[in-house]
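J.: First the structure, which I've put down as structure tokens, then a few questions once you've had a look.
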Amino acid sequence: MENFNIFIRSIFIDNMIFAYFLGMCSFLAVSKNVKTAVGLGVAVTFMLVITLPINYLLQTYVLSSGALSWLGPEYADVDLSFLSLIMFIAVIASMTQLVEMAVEKYSPTLYSSLGIFLPLIAVNCAILGGSLFMQQRDFPSVWTALCAGGGWGLGWLLAIAAIAAIRERLATYSNIPKPLRGIGITFIITALMGIAFMSFLGIKI
Amino acid sequence: MADKINYKQVFFNPFSKNNPVVVQILGICSVLAVTAKLEPAMVMGMSVIAVLAFANVIISLIRNTIPTNIRIIVQLVVVAGLVVIVDQLLKAYAYDVSKQLSVFIGLIITNCILMGRLEAFAMANRPWPAFLDGVGNGIGYALILVIVGFFRELLGSGTLMGFQVVPDSWYAAGYVNNGLMILPPMALIVVACIIWVQRSLNKDLQED
């Protein structure tokens, strides 16, 4: 039940885009039509679900202070937490590359529809942000990390699908001042949606 | 080709015509998160200038030995190393600011400006122009951070760098700080206004 709460929380209240504004670069760049936006959203969700538990295990059994005590008593006061940034990003980058190769080999159709987005994901701040939040919040178990990862991913997917749908309509039905067209108006829409999402802050679960 | 690079253009273009934030739309996340006050915005700007300049030089030095398949990992590791140094330095000498910036110093690693410049410029150019490009883009980024931070702190808290600028007599006359400016969504709107102003001055940048 606890984990389910975290899952729901991560989708709505701690939404990566509207609450933390992470992963904005690809969010703004790839939200011109719904189909590609959903493709990228699925890829991001997938990477969050994979990397968050791995980084959680790394954090608990290798990086945090005293985590190496399973190697023997003389390692009990080793603190490697200053290495966590490098370890996390290395895991994320290598997982991205691995997933890219696996998808290319086993499912060429998925690869051709997702292909260009996969390398982009290594530098999506939402993924590294997820791992850093995980480190900050001291999750109790690897399942919590898994649920939070899934929730953040779905929240991101929801956000990018919504903004892409709005932008598709906007292109045909509205008359925006010229200098504001394209990226400018997208910023303003995102801000308004962010303000709307703030209403979720009042919910306690 | 390498001799024909116009150093002046490499350095000054990112300030306005090719600004990484408002024209290339890179590195937005940190612009939104750290600009509620002017001071963290300036510290963040300086950190990015330093990391970007050195990462560009290092990648440019080893650009011929990196295998193309794993170049993203190599770039990320170089950047991550530099970010860890900046992070530890801030913790040692500016602890308060480093607390305020929290995860966002770590997120410099995934700042798209870095990857964008490394891929687009450092992989194809010699160290000196790469250094200029790094500093130029870093300053372009810091410029936007400072502008956004200035307006958000001035309108949101009535202070600048922590000092009160809005006189007490205004408050007595009924002036109220705009609490909305402190919230992250307003950073998006301030950036949108900067884009608006810049694009109406510079017609080439407008989209259809």
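J.: By the gyration tensor of its Cα atoms, with a ≥ b ≥ c the square roots of the eigenvalues, what is the shape of chain A: rounded for a/c under 1.5, prolate for a/b over b/c, or oblate? Provide the component values of the computation, followed by the final result.
T.: Numbers: a/c = 2.40, a/b = 1.65, b/c = 1.45.
Cα axes put chain A in the prolate bin.
J.: Tell me the angle of helix B:127-157 to the major Cα principal axis of chain B, expressed in degrees between 0 and 90 and rounded to the nearest ten.
T.: 10
J.: Compute the helix-to-body angle for A:142-173: its Cα long axis versus the longest principal axis of chain A, expressed 0 to 90° and rounded to tens.
T.: Taking the Cα atoms of chain A, the angle to A:142-173 is about 10 degrees.
J.: Each residue of the range B:45-54 in order: what ³J(HN,Hα) in whole Hz does its phi give by Karplus 6.51 cos²θ - 1.76 cosθ + 1.60, θ = phi - 60°, with x for Gly and Pro?
T.: Each residue of the range B:45-54 in turn: x, 5, 4, 5, 4, 4, 4, 5, 4, 6 Hz.
J.: Can you tell me which lysines have their Cα less than 21 Å from the Cα of A:Lys32? Leave out same-chain residues fewer than eight positions away.
T.: Here the lysines satisfying the reach criterion relative to A:Lys32 are A:Lys178.
J.: Can you work out the base-10 log of I(q)/I(0) for the range B:10-200 at q = 0.12, 0.15, 0.16 1/Å, using the Debye formula on its C-alpha atoms alone?
T.: For the range B:10-200, the Cα-only Debye profile gives -0.60, -0.88, -0.98.
J.: OK, next. Pick from B:Pro129, B:Pro184, B:Pro167 the residue whose mean-square fluctuation is largest in a GNM of chain B, springs joining Cα atoms under 10 Å.
T.: B:Pro167
J.: Along the range B:183-193, what does the Karplus equation 6.51 cos²θ - 1.76 cosθ + 1.60 (θ = phi - 60°) give for ³J(HN,Hα), rounded to whole Hz, x for Gly and Pro?
T.: 6, x, x, 5, 4, 4, 5, 4, 4, 4, 5
J.: Does the protein assembly as shown come out rounded, prolate or oblate by the C-alpha gyration tensor, with a ≥ b ≥ c the root eigenvalues, rounded set by a/c under 1.5 and, if not, prolate when a/b is larger than b/c and oblate if not? Kindly include the intermediate steps, with their values, before the conclusion.
T.: Working: a/c = 1.25, a/b = 1.15, b/c = 1.08.
It comes out rounded by the Cα gyration axes.
J.: How about B:Lys99: which lysines have a C-alpha closer than 23 Å to its C-alpha, ignoring those fewer than 8 places off in the same chain?
T.: B:Lys37, B:Lys91
J.: Let me ask something else. Where is the GNM fluctuation largest for chain A (alpha-carbon springs, 10 angstrom cutoff): A:Met16, A:Met47, A:Met95?
T.: Ranking A:Met16, A:Met47, A:Met95 by mean-square fluctuation puts A:Met95 first.
J.: Okay, next question. Counting other beta carbons within 10 Å of each Cβ, put A:Ser26, A:Ser174 in order, fewest first. Each step should come with its number before you reach the end.
T.: Numbers: A:Ser26 23, A:Ser174 9.
If I rank by nearby Cβ atoms, fewest first, I get A:Ser174, A:Ser26.
J.: In straight Cα distance, which aspartates and glutamates are under 17 Å from B:Lys8, not counting same-chain residues fewer than 8 positions off?
T.: Within reach: B:Asp133.
J.: Can I ask one more? For B:Asp87, B:Asp168, what ranking results if the residue with the fewest other Cβ atoms within 10 Å of its Cβ goes first? Provide the component values of the computation, followed by the final result.
T.: Details: B:Asp87 18, B:Asp168 10.
Going from sparsest to densest Cβ surroundings: B:Asp168, B:Asp87.
J.: Using modelled amide H (1.01 Å from N, peptide plane; none on Pro or chain starts), what sits under 5 Å from the amide H of B:Leu160, excluding residues fewer than 5 places away?
T.: Amide H neighbours of B:Leu160: B:Val165.
J.: Right, something else. When chain B is treated as a GNM, springs tying every alpha-carbon pair under 10 Å, which of B:Asn56, B:Asn125, B:Asn137 comes out with the largest mean-square fluctuation?
T.: Comparing B:Asn56, B:Asn125, B:Asn137 in a Gaussian network model of chain B, the most mobile one is B:Asn125.
J.: Given the DSSP H assignment, sum -39500 (n - 2.57) over each helix run of at least 4 residues in chain A and divide by its residue total; what's the result at 222 nm in deg cm²/dmol, nearest 500? Before the final figure, lay out the partial values.
T.: On the way: 9 runs with 137 residues, N = 205.
Result for chain A, helices only: -22000 deg cm²/dmol.
J.: For the modelled label position 7 Å from the Cα of B:Phe15 along Cα-to-Cβ, which residues of the range B:105-145 have backbone nitrogen atoms closer than 20 Å?
T.: The answer is B:129-145, whose backbone nitrogens lie closer than 20 Å to the label point.
J.: Still on this model: Go through the range B:25-30 residue by residue and turn each phi into a ³J(HN,Hα) via Karplus (6.51, -1.76, 1.60, θ = phi - 60°); whole Hz please, and just put x for glycine and proline.
T.: Values per residue, Gly and Pro as x: 6, 10, x, 6, 3, 6 Hz.
J.: To one decimal place, what orientation-averaged projected area in nm² is obtained for the convex hull of the Cα set of the range A:1-85?
T.: On the way: hull surface 30.8 nm².
One quarter of the hull surface, i.e. the mean projection, equals 7.7 nm².
J.: Moving on. Might you report the magnitude of the Cβ-based charge dipole of the range A:92-187 about its Cα centre, with Lys and Arg at +1 and Asp and Glu at -1, to the nearest 20 debye? Kindly include the intermediate steps, with their values, before the conclusion.
T.: Details: 6 positive and 4 negative charges, 81 e Å.
Taking the Cα centre of the range A:92-187 as origin, the dipole is about 400 debye.
Quick note: the coordinates plus some simple rules give every number you see, no bench work behind them. This one's a predicted model, so the numbers in the text were calculated from it and none came from an experiment. Note that we place each Cβ from the backbone using ideal geometry, even for glycine, and neighbour counts take in every protein chain shown.
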